[in-house]
Amino acid sequence: MNVHLARTPILDFDHPGIEALVVSRGWRDLPAFEAIGAIYSFVRDEIPFGYNASDELPASRVLADGYGQCNTKGTLLMALSRSVQVSCRFHGFTIDKRLQRGAITGIAYRMAPESIVHSWVEVLHEGRWINLEGFILDREYLDGVRAMFPKARGSFCGYGIGTEDIDDPPIEWCGRDTFIQRSGINRDYGVFDSPDAFYARHASNLSGLRAWLYANFVRHGINANVRRIRARSAKRGLRSSPRVARA
């Protein structure tokens with residue numbers, strides 16, 4: 001069995017909701033390059049950036065929620081990729097919580113650990129592993145942050161963004177690596193066959209009472225703030241959208 005195509009409890013791509021989506025979009029009928037791009041664009045922009053109750057939700061729950069952050073959107077991207085026979089694996093990291101400042105504020109920011117569990121997805125295409133991280137933030141949210149900082153140029157850290165070029169971050173699928181939070185990484189845990197394997201070895205961001213408070217109360221305030229940021233993209237003039245990722 002190819003472990004990079006296997007179903008797991010978190011990567012539940014045989015769930016009826018996921019299967020219905022894949023069939024309705026016709027992703028299995030596309031060549032691999034186009035299928036990866038279509039799934040990538042769906043997860044990036046049709047699953048808006050937001051904070052779920054837990055990092056360890058199955059892909060079907062992330063799809064039902066209709067929003068996600070790095071770890072949960074990555075789970076959905078992996079499940080959809082495996083459903084169309086694209087091999088993929090999980091790469092675990094931590095990021096400095098300063099990258100989240102602005103998206104997360106107040107008591108929620110104070111209760112967050114200094115290093116936050118982070119991940120991206122690696123897909124196997126034409127014999128090589130390609131790093132995909134640029135799907136985390138939807139375009140509308142990214143444009144909302146740009147509207148808040150119209151004079152920002154070059155490197156930017158905050159509001160869920162960690163990039164060397166806020167004008168043109170490499171977020172488009174073109175057969176090469178994509179990134180949007182890479183500059184905030186402070187620890188590399190390496191690659192795992194699945195998110196299940198990663199979480200079996202490394203804890204998620206919160207536990208106990210903090211995890212309960214976050215899931216039931218705190219994240220709702222964070223998501224309201226994210227929606228306010230996203231709304232700015234429709235209220236103020238914006239610069240051009242990001243261009244194709246560069247080598």
Note to self: From zero outward in steps of 5 Å, how is the percent of C-alpha pairs of segment 145-193 spread across the bins?
What the structure shows: 5, 19, 24, 21, 17, 9, 3, 2, 0
Notebook entry, point to check: Which value results when the Cα radius of gyration for segment 111-208 is divided by 2.2 N^0.38 Å?
Noted result: 1.20
Margin query: Let's see if you can work this out: charge +1 on each Lys and Arg Cβ, -1 on each Asp and Glu Cβ, no other charges. What is the dipole magnitude of the chain about its Cα centre, in debye to the nearest 20?
Written below: 1040 debye
Notebook entry, point to check: Can you work out the base-10 log of I(q)/I(0) for the chain at q = 0.18 1/Å, using the Debye formula on its C-alpha atoms alone?
Noted result: -1.52
Note to self: As a test of the formula, what do you get for the chain when each DSSP H run with n ≥ 4 contributes -39,500 (n - 2.57) and the sum is divided by the residue count, at 222 nm and rounded to the nearest 500 deg cm²/dmol?
What the structure shows: -9500 deg cm²/dmol
Note to self: With +1 on the Cβ of every Lys and Arg and -1 on the Cβ of every Asp and Glu, and nothing else charged, how large is the dipole of segment 9-53 about its Cα centre, in debye rounded to the nearest 20?
What the structure shows: 80 debye
Next item on the list: Mind checking which of Ile130, Ser115, Ser83 is farthest towards the positive end of segment 57-178's charge dipole, using Cβ charges of +1 (Lys, Arg) and -1 (Asp, Glu) about the Cα centre?
Entry: Ser115
Margin query: Which one, Ser183, Asn205, Pro169, projects farthest toward the positive side of the charge dipole computed for segment 167-208 from Cβ point charges (K/R +1, D/E -1)?
Written below: Asn205
Next item on the list: Take the Cα gyration tensor of segment 1-137, multiply each eigenvalue by 5, square-root it, and list the three semi-axes largest first, rounded to whole angstrom.
Entry: 27, 16, 13
Notebook entry, point to check: How many percent of the accessible area of the chain is carbon or sulfur, using a 1.4 Å probe?
Noted result: 53 percent
Item checked: Solvent-accessible area per residue, Å², over the chain with all protein chains present [probe radius 1.4 Å] -> 44 Å²
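The values are calculated or read from the model by the stated rules, or taken from the named source; none is laboratory data. Since this is a predicted model, take the numbers as computed values, not measurements. Please note: Cβ atoms are built from the backbone with ideal geometry, for glycine as well, and neighbour counts cover all protein chains shown. For accessibility, only protein heavy atoms count, side chains too; no ligands or nucleic acids. Shrake-Rupley method; radii C 1.70, N 1.55, O 1.52, S 1.80 Å.
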